[in-house]
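Have a look at the structure below before the remarks.
The values are calculated or read from the model by the stated rules, or taken from the named source; none is laboratory data. Model, not experiment: these values are computed from the prediction. Cβ sites come from the backbone with ideal geometry, for glycine too, and all protein chains shown count toward neighbours. Quick note on the areas: whole protein, heavy atoms, side chains included, nothing else; ligands and nucleic acids left out. Shrake-Rupley method; radii C 1.70, N 1.55, O 1.52, S 1.80 Å.
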Amino acid sequence: CNFVPAINIFSMPTAVQEPHSRFKRQDSIGRGTFGDVYRGLDSATNALVAMKSIRFDNGTRLDQIQSEIGMLARCDHANIIKYRTSFVEGRRLWIVMDYCNLGSIRDIIVRATLLILKCRIELDRFRKRKSWPLQKMSYRL
């Protein structure tokens, strides 16, 4: 990613026309650092998106939010979720990104840790009986 100085989210023109009607919020999929995250649908492309909702109040750290959006907007890498747009609706800022159906990083780490533990159990069993039942091993992330 190439990083440039922080940007003002309120002066950013949205790249999407009529974002309020284009992106349809669906079910809640979690909580992020600054707000709630929902699965959504981009009605123009029928693609699933992740929609992060951040409510503004007197304690909201706008500088951190602006920094996060600026970083997302400038990152273009195959291993980073793609930022689509952001828009303000009432007292909420919506950040729209590509949807990752694998879940959060935490979810992926938990699944990978469980897989490693299962493999260690099988290795311990192998060491004890000196045989390896390959046909019985089938693990998925």
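Computed values, structure above
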item	result
Tail beyond 15 Å, pair distance distribution of the range 21-121 (Cα, percent)	67
Accessible-area composition of the range 33-107, carbon plus sulfur, in percent [1.4 Å probe]	49
Solvent-accessible heavy-atom area per residue, rounded to whole Å², over the range 48-97 at 1.4 Å	53
With DNA, RNA and ligands ignored, accessible area of residue 68 (1.4 Å probe; Å², nearest 10)	40
Approximate spin-label separation residue 128-residue 56, in nm, with each point projected 7 Å along Cα-to-Cβ	6.2
Net length gained if the chain between residue 110 and residue 43 were fully extended (0.36 nm per residue, minus Cα distance)	20.8 nm
Accessible-area value, residue 111, 1.4 Å probe, nucleic acids and ligands omitted, Å²	80
